[in-house]
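Taking it in order: structure first as structure tokens, then the write-up.
The values are calculated or read from the model by the stated rules, or taken from the named source; none is laboratory data. Predicted, not measured: the structure shown is a model, and the values here were computed from it. No Cβ is skipped: glycine too gets one built from the backbone with ideal geometry, and neighbour counts run over all protein chains shown. Just so you know, the surface numbers come from the protein's heavy atoms only, side chains and all, with ligands and any DNA or RNA stripped out. Shrake-Rupley method; radii C 1.70, N 1.55, O 1.52, S 1.80 Å.
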Amino acid sequence: MHTQLPRGAKVFVIPIRTYILLLLLSLAALAVPPTKAQFPPGCDSGIHQTEHLPTGVQITGCGVTIRVTALRDDVLRVRASRDGDLGEDASWAVLPGPRTSTVEVTTEGTGFKTKGLRVSFDNSMRLTVSDLSGHVLQQDERPVEYHGASFRVYKTMAPAEHFFGLGDKVGPLDRRGQAFVDWNSDSYGWQESTDPIYKSIPFFLSWNEGRVLGVLFDNTWRASFDFGKEFADMYSFGAPDGPLDYYLIYGPSPRQVVEGYAWLTGPTPLPPLWSLGYQQSRYSYYPEAKVREIADRLRSDRISADAIYLDIDYQQNNRPFTVNRERFPNFEQMIKDLATQQFHVVAITDLHIAELPDAGYAPYDTGIAGDRFVKNPDGSVYVAKVWPGDSVFPDFTQQQTRSWWGSLYKEFVADGIAGFWNDMNEPAIFGVPSKTMPDNIRHRIDEPGFTNRTASHLEIHNIYGMENSRATFDGLLRLQPNVRPFVLTRASYAGGQRYAATWTGDNSSTWNHLRLTTPMLENLGLSGFALSGADVGGFAGSPQPDLLTEWLEVAAFQPIDRDHTAAGTNDQEPWANGPEQEAIRRRYIEERYKLLPYIYTNAEEMSRTGMPIVRPLFLEFPNAASDLHPIDLDAPSEFLFGPDILVAPPPYPDELDKYEVQLPPGIWYDYWTGERIDRSEAVQSRDAEQKKGVQAVASASPSLTVQPTLAVLPVYVRGGAILPMEPLTQSTMETPTGPLTLRVYVGENCRGTLYQDDGKSYDFRQGQFLRMETTCSPDQNVLRVQVGPHQGSYRAWWSEITIEVYGLPASEFHARVGNQTISATRNTSTQAWQVTIPDHGSGMTVTFQ
């Protein structure tokens, strides 16, 4: 086909060599990376001034000031501004001590170095952070970009870089290729593509060739993050206003980064033991007779449980801090009776206070009298519709308002209610497209460490739910100073883990939502919220019987195990769908209760280090893959429950086909059967092949093929683990009867810890706890198990210990304690050798031979 040129058109002939030269020059221009000549927009020069500080450096150029300081040798703070004024040095997320911490640095050119990191700037004011071996950990792709009050930071993204964190954003564990917005949102029935949802946690981990760097972008405005969605070779973050203030936490291991983030923002405090038990909830259990019926059925069916929730229907016309006396005529006695049955009651207390002047509604009357509610720009109290109808909203950025809010719990605490649930605190508003407060609502900041001022809702929105849960937590502590509060919050911000546990919000009763739960909880744990869960069985809709069963199985190995569903859905208690399903569900809840010593020990570690209870595999096995990529990319459905238990549900839980479980290198044991699984020899063979030039296999370790069945959730224990377990109880208030069990799984670095205390008070701070370290030393056909002495003054509930050893050969074994020989027995179903011996608390060595 020929194209005819228009009449009068002129033809210009370019010599072929000239054409090729122009083409090459064009391609070269596209390929050239940013150089020192790339200055900030609107600027034709770079650094004008460099000021070296005792703890860092400050550079100025093109109207931009950037200050980088070292808080520790492995933690940096980066602040920048357009006009040279870095602004108010305050934070809702970062604790005052770490935020003002300092370490001396050594000056180098336009940067500095610590004992672990090197910081430098090029002339275009691009920041580079490296380790002392020269590995680049983070590098600006562009100079900081300002557009009025908004700004954006662009970082170079390596081809093999991966990102984790940002809390409970929906989707895969790895954030690469995705973009997100932080704006706490009421997201009923969210789906895989929904963003934003309930929490804004602007913290993420960058993983590049086995080296991990944490980034906390401490900006409460509507921040956004892009991990290669806009540009394939860079990631970025920014906000429409507020401070450009971010922290860099270096590992190089992911564990070090998580612990560094906990140092900055605080760990989750040690929860009451009962909150780790099974929790039963729905929207809503009423009237009073229904609540009692649920409690009686849990006990008569011998389903271990510790908590029953009361949703909004226990209240008078949905008004917080009231009781509907028609539905609950004997409310206070009901709470006492449930306590006698060893149930803790958790009651919802939403933050919207009904606007009821002259009606004797104390929360409104005292709030108005104390000027405790947020206001419109004209100074009037802001009113909007939520569950009670017209409602007003506490101004939680005032410490006096938080104290007032905390005092509202006095009567409920006196009644014996054990925990409180702060829902709808994004804040959620009915009848408006935004589902929240208008942007121009005014909040008054009156907070130690902050300048007293008025702020718009645009600045406060993302911290509003966190400050609500903070007010609840602190108020409960004032009312009962030696009782650990339990607060459950839906919305929060970085640092909110100091005040409340959380859950993933209004999910749906679908197989896909069961699948999505694991990465959401893993990323929440990496982002500080180590005490988290999902509505088991799904909130929106009624689950299929097998779906509810599988969800209850998986939830038995998650920090918060709460079965919850929406109004109008089918029954969702463990006995729903008949005795066959109930039997399976009961078994997994019972296994959770047997594992409570292990769970509680991990909760205590969480309270000191920030290590989450549910963990990605890479947190314990960062070097599992030969090319140092995160092993979880090969095993998206698997997770660790504490450091030693690996849970491996199907990648797609509704599929019936066989699937492969990816076990990290080493020795593993089937939790249910005790079968020993040796992955070390195959891994060594794989590595040897790679050294010879054989192409690397895709998986991080050899796989294990599993045929899914409804009754069996694949669970494995790492060789070298020692799991503490207890006899089954119906609640955490029941003292176990029988010996403590130590399950010893023979393997490398064989050790385990047990932590106990009274489970409710802060007496452990005065030494009233029990800690016991156990190790094992295999030597050919001899195994020595060394049970350490009891540390602390708390008295153990057990007088005997049963030691179960997995991984010993089938030949006859005897156990020796000192000069005494005791016959060991073999469990034919698990092939474990076991012996029961007295425990006097002074420590002992048990030798199997």
**Study point:** Members of segment 532-552 that are open to solvent by less than 10 Å² (accessible area, probe 1.4 Å) and either aliphatic (A, V, I, L, M) or part of a helix (DSSP H, G or I) (or both)
**Key:** A534, V536, L547, L548, T549, W551, L552
Review point. When F764 is evaluated against the numbered criteria (1) in contact (Cβ under 8 Å) with a residue 40 or more places away in the chain; (2) open to solvent by 70 Å² or more (accessible area, probe 1.4 Å), which criterion, by number, is the only one it fails?
Key: (2)
Study note, to complete from the structure: Going through segment 408-452 in order, the residues found to be of a type in the set (K, R) and under 29 Å from the mean Cα position of the chain (by Cα) are K435
Exercise for review: Say whether the condition of being in contact (Cβ under 8 Å) with a residue 40 or more places away in the chain, open to solvent by 30 Å² or more (accessible area, probe 1.4 Å) and either touching a helix residue (DSSP H, G or I) at 6+ places or on another chain (Cβ under 6 Å) or not in a helix (DSSP H, G or I) (or both) is met by at least one residue in segment 362-376.
Suggested key: yes
Exercise for review: Give the residues of segment 402-428 that are touching a Pro at 6+ places or on another chain (Cβ under 9 Å) and either closer than 16 Å to G465 by Cβ or not in a loop (DSSP other than H, G, I, E, B) (or both), sorted by residue number.
Suggested key: R402, W404, W405, G419, F420
Exercise for review: Kindly check whether there is at least one residue in segment 575-592 that is touching a residue at least 24 places away in the same chain (Cβ under 8 Å), assigned to a loop (DSSP other than H, G, I, E, B) and within 16 Å of S508 (Cα to Cα).
Suggested key: no
Revision key, fill the gap. Filtering segment 334-361 down to residues that are touching a Phe, Trp or Tyr at 6+ places or on another chain (Cβ under 8 Å) and assigned to a helix (DSSP H, G or I) yields M334
Point to revise | Hits in segment 625-657 (condition: of a type in the set (A, V, I, L, M), open to solvent by 10 Å² or more (accessible area, probe 1.4 Å) and assigned to a loop (DSSP other than H, G, I, E, B)) | key: L628, L656
Exercise for review: Output the residues belonging to segment 151-165 that are of a type outside the set (K, R), out of contact with any Lys or Arg (no Cβ under 6 Å at 6 or more places or on another chain) and either crowded, with 22+ Cβ neighbours inside 10 Å or part of a strand (DSSP E or B) (or both).
Suggested key: F151, V153, T156, M157, E161, F164, G165
Practice item. Please specify each residue of segment 275-291 satisfying the condition of being closer than 16 Å to F420 by Cα and either part of a helix (DSSP H, G or I) or β-branched (V, I, T) (or both). Key: S275, L276
Practice item. Give segment 708-756 a look and list any residue that's touching a helix residue (DSSP H, G or I) at 6+ places or on another chain (Cβ under 8 Å), closer than 18 Å to E804 by Cα and outside any strand (DSSP E or B), or say none. Key: E726, P727, L728
Study note, to complete from the structure: Residues of segment 559-599 being open to solvent by less than 20 Å² (accessible area, probe 1.4 Å), in contact with a helix residue (DSSP H, G or I) (Cβ under 6 Å, 6 or more places away or on another chain) and not basic (K, R), in sequence order, are D561, P574, Y588, I599
Check your understanding: Right, V103: open to solvent by 10 Å² or more (accessible area, probe 1.4 Å) and within 32 Å of the chain's Cα centre (by Cα) or not?
Key -> yes
Check your understanding: Out of T518, T569, T510, T565, which single residue is modelled with pLDDT of 95 or more, of a type in the set (V, I, T), over 20 Å from the mean Cα position of the chain (by Cα) and farther than 13 Å from R282 by Cβ?
Key -> T510
**Study point:** Residue within segment 792-811 that is more than 36 Å from the chain's Cα centre (by Cα), assigned to a strand (DSSP E or B) and among the aliphatic types (A, V, I, L, M) present
**Key:** no
Study note, to complete from the structure: Checking L22, L5 in turn, the sole residue that is modelled with pLDDT under 50 and assigned to a loop (DSSP other than H, G, I, E, B) turns out to be L5
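Each row is one residue, and each column tells you yes or no for (1) more than 23 Å from L270 (Cβ to Cβ); (2) of a type in the set (S, T, Y); (3) without any contact (Cβ under 8 Å) to a residue 40 or more places away in the chain; (4) open to solvent by 30 Å² or more (accessible area, probe 1.4 Å).
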{"site": "G747", "(1), (2), (3), (4)": "yes, no, no, no"}
{"site": "N781", "(1), (2), (3), (4)": "yes, no, no, yes"}
{"site": "A796", "(1), (2), (3), (4)": "no, no, no, no"}
{"site": "N819", "(1), (2), (3), (4)": "yes, no, yes, yes"}
{"site": "T825", "(1), (2), (3), (4)": "yes, yes, yes, yes"}
{"site": "W833", "(1), (2), (3), (4)": "yes, no, yes, no"}
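So that you can scan it fast, the table gives a plain yes or no per residue for (1) in a loop (DSSP other than H, G, I, E, B); (2) closer than 17 Å to T504 by Cβ:
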residue	(1), (2)
S130	no, no
K169	yes, yes
Y188	yes, yes
P196	yes, yes
V212	no, no
T220	yes, no
